[in-house]
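One structure is given below, encoded as structure tokens.
The values are calculated or read from the model by the stated rules, or taken from the named source; none is laboratory data. Bear in mind the structure is a predicted one, so any value in this text is a computation, not a measurement. All Cβ positions, even for glycine, are placed from backbone atoms using ideal geometry, and neighbour counts span all protein chains on display.
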């Protein structure tokens, strides 16, 4: 009896068989491990700087005086912008913007210095390209800050030249100063904001499609599903033995990407790491069960993968990182609500950047758990229904013969 | 010539009859045009909810809160007695910011001292943060210069000069091309180009991985490799011209996205782009022989492709090696060229480098396909003879 113990059907047998698959099918390993790591690597390199600094702008200086040059120097010295070229007219500046070489052009008009000190309030004009929203707004921020600094100096000198003491003049410059405190991401680091959200979004695509692929391979050939069930000695051990190896693989990939974020990009971990880990596990499981459900509910496998791709590939927009869900239309809002990624990113931002207190961190985890249960139930239901159908067909066949 | 037409017709028929190909190249194109833009339909964020912690409770502090609430960017939806309670709501994501007006806000203003206020804004979502901070700083600046001017006028300075002294050198910032800073106007023109590339890439590589029914007929007619490749490319071209017209002209029009470039210029830039993607798709089909594999590899690629084009994250901040490597993907140059032409109204010379890259890619990929096809053909006929 003991020797045969190894062959006793059960969870372990299916598990071992599935691990063997990785060795037999190198494609499977490439799809589930190498590809996500490669794609995540590319994204990490794209955002490796974290901050976009010294964005190129052009200057059209029609004044040429001391003041204009100090404006240009200050703008060049802000971290956001770099003055890369002096143009001689606006049409040249336009050409540079249209060909994408600069993000904006600062125009300093004739007699700026004279008019400023004469109190005529001459304008300084900044044309900037908001088609590329991020770059446009960053350059505006730089120009704004630099110009406010220069202007502050002028206002101070206007007052002190009228005999006002420096300290009083200084206080009078800005009657209502605003102390802005960016909560949670004080350096406005894009790698903590965008990259940290993109990596799980990539993983979501991979998990759903490759699970649909792995399960679909068994579903496509009828007897294999039956073999799987026999090996597992029942529906549940078979299902979990089949999916668990992939869960481990995906958790490994998620772990690598998290290590990259925490160690290399210095993503803060202000919340509870156990909550973060459980959210990660639930996220992977929810997506796996979604993929498995697609595979058992839809045939051929290519259709299941197509639907999975359709649901996950454009999902990043619906998860509300770039454009917050607050401003979305009802359809987009509720579609986002149905994606596991939305809730995982919520939990993730809660536990990394925000350090949300535990009493407020429960909801996304509960929703993810709910999704896991729903998709598991649906998958089991489909499998049972198929089996009953098949049994009925077999009975009918026997009756005929 | 008749050989080319024959291949083209057969290939078109395959596009329409092979279900996976049809669903990617035609069905998905239509569905995505309705589905993909959904999150961005609202264009801008309005009335971001923030809380007020007014420790002063005077006329001035209430006037500030009222005027802030009146701005389009934020809405003051709650008032809390202290910062801690308000913070709890920010953690619960009910609110995105807290404005604290300290005690003696009004008294300090009347005294002629600086009277600071504090803003705590949620920077874990950048768009929320920038909305809140720009609304509050703009209002503080406006109210500040009103106060300053009043003080100067009270000190017997001429009103005109008083106002000039508060802002001697105003900055006029003129946003070009997407003046309202709309999110859909920003992301869609680039994303649509990427969707065109991805659907075409998957479709063409799927076509290559399925067996060709016309192979026997083509051999009987003795159709050479050049005619085969040109015929196939012609078929893809016919389908994609419709898809491109739909995505680059009709869809932006339907979503109210402005278009400055002429249709002919858009077509000129699209031409090498379609050929480059077609060639790349045929090469991908040779590398990945399994149709399912094609789908899965292409599915994950979309997002990295978009970010590598340097559109949403400025190219200046992407490491130079990756920027150069990204040029082998047609969308990198095509997104920049097509967005600049259609959204900014750039002329051909202004997008010249991108178009040249696309032409080079088209020649290279299609040439490589032709070379491989010719080699396979020679091998077959050599064997056959």
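Which one of A:145, A:214, A:197, A:172 is more than 30 Å from residue A:39 (Cα to Cα), more than 7 Å from every other protein chain (Cβ to nearest Cβ) and in contact (Cβ under 8 Å) with a residue 12 or more places away in the chain?
A:145
For the stretch A:83-114, enumerate the residues that are within 9 Å of chain B (Cβ to nearest Cβ) and farther than 20 Å from residue B:179 by Cα.
A:112
Tell me the residue from B:162, B:123 that is under 26 Å from the mean Cα position of the chain (by Cα) and surrounded by 18 or more Cβ atoms within 10 Å (Cβ to Cβ), please.
Numbers: B:162 fails: under 26 Å from the mean Cα position of the chain (by Cα).
The conditions single out B:123.
Would you tally the residues in the stretch A:69-82 being surrounded by fewer than 22 Cβ atoms within 10 Å (Cβ to Cβ) and either assigned to a loop (DSSP other than H, G, I, E, B) or in contact with a strand residue (DSSP E or B) (Cβ under 8 Å, 6 or more places away or on another chain) (or both)? So that I can check it myself, show each step before the final result.
First, pick out the residues of the stretch A:69-82 that are surrounded by fewer than 22 Cβ atoms within 10 Å (Cβ to Cβ): A:69-70, A:72-74, A:76-79, A:82.
Subset that is either assigned to a loop (DSSP other than H, G, I, E, B) or in contact with a strand residue (DSSP E or B) (Cβ under 8 Å, 6 or more places away or on another chain) (or both): A:69, A:72, A:76, A:78-79, A:82.
Adding up the residues that qualify gives 6.
Tell me which of these residue A:207 doesn't satisfy, since it passes every other one: (1) over 30 Å from residue B:110 (Cα atoms); (2) outside any helix (DSSP H, G or I).
The single condition residue A:207 does not satisfy is (2).
Residues to consider are A:125, A:143; find the one that is closer than 17 Å to residue A:82 by Cα and surrounded by 18 or more Cβ atoms within 10 Å (Cβ to Cβ). Explain how you work it out, then say what you get.
On the way: A:125 fails: surrounded by 18 or more Cβ atoms within 10 Å (Cβ to Cβ).
None of the other options fit; the residue is A:143.
Could you list, in sequence order, the residues of the stretch A:26-41 that are within 16 Å of residue B:318 (Cα to Cα) and surrounded by 19 or more Cβ atoms within 10 Å (Cβ to Cβ)? Steps first, please.
Taking the stretch A:26-41 first, the residues within 16 Å of residue B:318 (Cα to Cα) are A:39-41.
The answer is A:39, A:40.
Does residue A:303 count as assigned by TED's automatic domain parsing to the domain that holds residue A:212, closer than 27 Å to residue A:243 by Cα and surrounded by 24 or more Cβ atoms within 10 Å (Cβ to Cβ)? Lay out the reasoning, then the answer.
Details: assigned by TED's automatic domain parsing to the domain that holds residue A:212: yes; closer than 27 Å to residue A:243 by Cα: yes; surrounded by 24 or more Cβ atoms within 10 Å (Cβ to Cβ): no.
No: the conditions fail for residue A:303.
Can you name the residue in the stretch B:133-150 that is within 38 Å of the chain's Cα centre (by Cα) and crowded, with 20+ Cβ neighbours inside 10 Å and, of all such residues, is farthest from the other protein chains (Cβ to nearest Cβ)?
If we take residues in the stretch B:133-150 being within 38 Å of the chain's Cα centre (by Cα) and crowded, with 20+ Cβ neighbours inside 10 Å, then B:135 is farthest from the other protein chains (Cβ to nearest Cβ).
Could you tell me whether any residue of the stretch B:112-129 is more than 9 Å from every other protein chain (Cβ to nearest Cβ), more than 30 Å from residue B:40 (Cβ to Cβ) and modelled with pLDDT of 90 or more?
First, pick out the residues of the stretch B:112-129 that are more than 9 Å from every other protein chain (Cβ to nearest Cβ): none.
No, every residue in the stretch B:112-129 fails to be more than 9 Å from every other protein chain (Cβ to nearest Cβ), more than 30 Å from residue B:40 (Cβ to Cβ) and modelled with pLDDT of 90 or more.
In the stretch B:207-214, is there at least one residue being without any contact (Cβ under 8 Å) to a residue 12 or more places away in the chain, over 30 Å from residue A:102 (Cα atoms) and more than 7 Å from chain A (Cβ to nearest Cβ)? Break it down into steps so the answer makes sense when it comes.
Filtering the stretch B:207-214 down to residues without any contact (Cβ under 8 Å) to a residue 12 or more places away in the chain leaves B:211.
The next check asks that each one be over 30 Å from residue A:102 (Cα atoms); those that pass are B:211.
If we keep only those that are more than 7 Å from chain A (Cβ to nearest Cβ) as well, we get B:211.
Scanning the stretch B:207-214 turns up at least one residue that is without any contact (Cβ under 8 Å) to a residue 12 or more places away in the chain, over 30 Å from residue A:102 (Cα atoms) and more than 7 Å from chain A (Cβ to nearest Cβ).
Can we say residue A:283 is under 18 Å from the mean Cα position of the chain (by Cα) and free of Cβ contacts under 8 Å to residues at least 60 places away in the same chain?
Details: under 18 Å from the mean Cα position of the chain (by Cα): yes; free of Cβ contacts under 8 Å to residues at least 60 places away in the same chain: no.
Criteria not met by residue A:283.
Of the conditions (1) surrounded by fewer than 23 Cβ atoms within 10 Å (Cβ to Cβ); (2) touching a strand residue (DSSP E or B) at 6+ places or on another chain (Cβ under 9 Å), residue A:327 fails just one. Which one is it?
(1)
Could you pull out the residue among B:277, B:339, B:239 that is part of a helix (DSSP H, G or I), modelled with pLDDT of 90 or more, buried (at least 21 other Cβ atoms within 10 Å of the Cβ) and facing chain A (nearest Cβ under 9 Å)?
When all the criteria are applied, what remains is B:339.
Does residue A:316 count as at the interface with chain B (Cβ under 7 Å from one of its Cβ atoms), under 16 Å from the mean Cα position of the chain (by Cα), assigned to a helix (DSSP H, G or I) and crowded, with 22+ Cβ neighbours inside 10 Å? Please lay out each step first, then the result.
Working: at the interface with chain B (Cβ under 7 Å from one of its Cβ atoms): yes; under 16 Å from the mean Cα position of the chain (by Cα): yes; assigned to a helix (DSSP H, G or I): yes; crowded, with 22+ Cβ neighbours inside 10 Å: yes.
The answer is yes for residue A:316.
Can you pull out every residue in the stretch B:83-107 that is within 9 Å of chain A (Cβ to nearest Cβ) and over 39 Å from the mean Cα position of the chain (by Cα)?
B:105, the sole residue that qualifies.
I need a count of the residues in the stretch B:283-322 that are within 12 Å of the chain's Cα centre (by Cα), more than 8 Å from chain A (Cβ to nearest Cβ) and in a helix (DSSP H, G or I).
2
Considering A:310, A:262, which residue is within 14 Å of chain B (Cβ to nearest Cβ), without any contact (Cβ under 8 Å) to a residue 40 or more places away in the chain and under 29 Å from the mean Cα position of the chain (by Cα)? Show your work before the answer.
Numbers: A:262 fails: within 14 Å of chain B (Cβ to nearest Cβ).
Among A:310, A:262, only A:310 is within 14 Å of chain B (Cβ to nearest Cβ), without any contact (Cβ under 8 Å) to a residue 40 or more places away in the chain and under 29 Å from the mean Cα position of the chain (by Cα).
Which is farther than 25 Å from residue A:302 by Cβ and in the same structural domain as residue B:27 (by TED's automatic domain parsing), of B:204, B:193? Give the derivation first.
On the way: B:204 fails: farther than 25 Å from residue A:302 by Cβ.
Within the list B:204, B:193, the selection yields B:193.
For the stretch B:341-355, state whether one or more residues are within 27 Å of residue B:188 (Cα to Cα) and in contact with a strand residue (DSSP E or B) (Cβ under 9 Å, 6 or more places away or on another chain).
yes
Of (1) within 30 Å of residue A:146 (Cβ to Cβ); (2) not in a loop (DSSP other than H, G, I, E, B), residue B:168 satisfies all except one. Which?
(2)
So which residues in the stretch B:25-35 are buried (at least 20 other Cβ atoms within 10 Å of the Cβ) and facing another protein chain (nearest Cβ under 9 Å)? Give the derivation first.
Let us first name the residues in the stretch B:25-35 that are buried (at least 20 other Cβ atoms within 10 Å of the Cβ), namely B:25, B:28-29, B:32.
Once the filter is applied, which keeps residues that are buried (at least 20 other Cβ atoms within 10 Å of the Cβ) and facing another protein chain (nearest Cβ under 9 Å), the stretch B:25-35 yields B:28, B:32.
Only one residue in B:46, B:19, B:41, B:66 is within 10 Å of chain A (Cβ to nearest Cβ) and either in contact with a strand residue (DSSP E or B) (Cβ under 8 Å, 6 or more places away or on another chain) or closer than 30 Å to residue B:146 by Cα (or both). Which one?
Numbers: B:19 fails: either in contact with a strand residue (DSSP E or B) (Cβ under 8 Å, 6 or more places away or on another chain) or closer than 30 Å to residue B:146 by Cα (or both); B:41 fails: either in contact with a strand residue (DSSP E or B) (Cβ under 8 Å, 6 or more places away or on another chain) or closer than 30 Å to residue B:146 by Cα (or both); B:66 fails: within 10 Å of chain A (Cβ to nearest Cβ).
Matching residue, one of B:46, B:19, B:41, B:66: B:46.
Please state which one of B:187, B:153 is in a helix (DSSP H, G or I) and facing another protein chain (nearest Cβ under 8 Å). Show your work before the answer.
Working: B:153 fails: facing another protein chain (nearest Cβ under 8 Å).
One residue alone meets the criteria, B:187.
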